[in-house]
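Remarks on the structure that follows.
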Amino acid sequence: MAASTLRPLGTLCSMPVRLVTLDCANTLLRGSWEPVEFALWAAREAGLCLPSRAGTEYAALLRTHYPAILAANRTGNYATVQAEYVALGEKWLEGLDVDPGIAPEVVKASGSILTSTTSGLFEPFEDTILFLQRARAEGLRLTVVSNWDASLPLVLEAHGLAGLVDEAYASLVVGAEKPDPTMLRLAIKSAGVAPEETLHIGDDPIDDLGAAVNAGVQGLLIDRKSASQGNTISTLMEAFAWIG
């Protein structure tokens with residue numbers, strides 16, 4: 001595998017970079033979702049007109065049902081996760097005096113929104129595919145490490161990114177969220193590289209830079225609304241100035 005040389009960041013030692021790990025939301029893909037609003041959106045897509053208390057009741061049920069959702073995510077099987085959301089949806093709709101048998105349609109609608117390229121929920125940034133293509137051409141291994149659920153591979157596939165990265169780790173599947181370094185360490189082990197040969201890029205100064213520090217890797221913060229300075233870049237393509 002080809003390697004590029006990274007300039008030192010802080011006190012970290014510069015070594016040839018062989019692995020680049022990347023956050024997903026607001027690093028590779030523009031957008032994010034809030035669980036309650038997402039559930040209400042899916043219900044509307046399924047043709048339901050719910051009462052005003054629907055959001056509050058969904059939030060309360062989600063807190064109660066969340067351990068089961070976490071356990072389903074640990075299987076790594078998105079169909080298993082969806083089954084738990086159907087169970088949650090049935091309780092939710094029943095409490096709203098709506099036919100609980102519609103819950104599978106609501107969950108199906110949520111999956112369609114999540115993986116749609118036209119819903120506006122997520123879309124690649126203008127430089128995402130260009131960055132991934134160039135990085136692959138330069139022989140770098142690419143791994144997505146994101147605080148996400150088991151739907152991550154499906155979302156990457158839907159937006160044309162799955163074939164441009166080598167692996168993807170979702171926190172709810174792994175069982176540890178950044179800034180915990182577990183996902184980065186798994187990526188490093190899988191790639192067969194040293195932490196010093198790894199660069200992590202993400203948009204969150206706590207989750208992403210914290211995970212980089214905790215894993216002993218070099219880190220870049222991407223802030224698309226600010227000018228580049230220090231170890232902060234404003235576009236993914238600027239990372240190549242650090243990689244070399």
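None of the figures in this text is laboratory data; all of them are computed from the coordinates on show. This one's a predicted model, so the numbers in the text were calculated from it and none came from an experiment. Please note: Cβ atoms are built from the backbone with ideal geometry, for glycine as well, and neighbour counts cover all protein chains shown.
With only Lys, Arg, Asp and Glu charged, each at its Cβ (+1 for the first two, -1 for the last two), find how big the charge dipole of segment 35-115 is about the Cα centre; round to the nearest 20 debye.
Here the size comes out at about 260 debye.
Can you compute 3J(HN,Hα) from phi for each residue in segment 90-98, using the Karplus curve 6.51 cos²θ - 1.76 cosθ + 1.60 with θ = phi - 60°, rounded to whole Hz and x for Gly and Pro?
4, 5, 4, 5, 4, x, 9, 6, 10
Using a Gaussian network model of the chain whose springs link C-alpha atoms within less than 10 Å, name the residue from V107, V144, V98 with the highest mean-square fluctuation.
Evaluated over the chain, the most mobile residue of the options is V98.
Pull up all non-local amide H partners of A168: gap of 5 or more, or a different chain, and H-to-H distance under 5 Å with H placed in the peptide plane.
V144
Relative contact order of segment 35-115, please, whole-number percent, based on alpha carbon pairs below 8 angstrom and at least 6 residues apart.
For segment 35-115, the relative contact order is 37 percent.
In which sequence would D99, D204 go, from the one with the fewest C-beta neighbours within 10 Å to the one with the most?
Ascending Cβ contact count within 10 Å gives the list D99, D204.
Label point 7 Å out from T64 along Cα-to-Cβ: which residues of segment 73-92 have amide N under 13 Å?
88-92
Put +1 on the Cβ of every Lys and Arg and -1 on every Asp and Glu Cβ in the chain; which of L96, N147, Q229 then has its Cα farthest towards the positive end of the dipole?
Sorting the options by dipole projection puts first Q229.
List the lysines whose Cα sits under 18 Å from the Cα of K91, skipping any in the same chain fewer than 8 residues away.
K108
If we count other beta carbons within 10 Å of each Cβ, what is the order of C49, C24, fewest first?
Least to most surrounded, the residues fall as C49, C24.
Taking other Cβ within 10 Å of each residue's Cβ, how do Y85, Y66 sort, fewest first?
If I rank by nearby Cβ atoms, fewest first, I get Y66, Y85.
Note down the relative contact order for segment 182-234 as a percent, whole number, built from C-alpha pairs under 8 angstrom at least six residues apart.
Numbers: 73 pairs, mean separation 15.0, N = 53.
Rounded, it is 28 percent for segment 182-234.
Who wins for biggest fluctuation among L62, L152, L19 in a Gaussian network model of the chain, springs between alpha carbons below 10 Å?
Comparing L62, L152, L19 in the GNM, the peak value goes to L62.
So what's the Cα pair-distance distribution over segment 42-154, bin width 10 Å, in %?
12, 35, 30, 14, 7, 1
Please get the size of the charge dipole for the chain, origin at its Cα centre, with Cβ charges of +1 on Lys and Arg and -1 on Asp and Glu, quoted in debye to the nearest 20. Don't skip to the end; give the middle numbers.
Numbers: 17 positive and 29 negative charges, 113 e Å.
Computed charge dipole of the chain: roughly 540 debye.
Just to be sure I understand: with springs between alpha-carbon atoms less than 10 Å apart, which residue in D97, D23, D149 has the highest mean-square fluctuation in the Gaussian network model of the chain?
Result: D97 has the largest fluctuation of those listed.
A241 to I206: FRET efficiency via 1/(1 + (r/R0)^6), r the Cβ-Cβ distance, R0 30 Å, to the nearest 0.05?
According to the calculation, E is roughly 0.75.
Among the lysines, select those whose C-alpha is under 23 Å from the C-alpha of K225, and discard any that sit fewer than 8 residues away in the same chain.
Filter leaves K178.
For a test of the definition: using alpha carbon positions, the gyration tensor, and the 1.5 limit on a/c, classify segment 137-186 as rounded, prolate or oblate.
Oblate shape, in that a/c is at least 1.5 and b/c is the bigger or equal ratio.
Which angle between 0 and 90 degrees, to the nearest 10, do you get for helix 54-74 versus the longest principal axis of the chain when only C-alpha atoms count?
So the inclination is approximately 50 degrees.
Taking amide H positions as placed 1.01 Å from N in the peptide plane, with prolines and chain starts having none, which residues 5 or more places from G219, or on another chain, fall under 5 Å of its amide H?
When sequence neighbours closer than 5 places are left aside, the close amide H contacts are H200.
Quick check on segment 32-88: take the gyration tensor over C-alpha atoms, sort the square-rooted eigenvalues as a ≥ b ≥ c, and tell me if it's rounded (a/c under 1.5), prolate or oblate.
prolate
As a test of the formula, what do you get for the chain when each DSSP H run with n ≥ 4 contributes -39,500 (n - 2.57) and the sum is divided by the residue count, at 222 nm and rounded to the nearest 500 deg cm²/dmol?
Rounded to the nearest 500, the figure is -13500 deg cm²/dmol.
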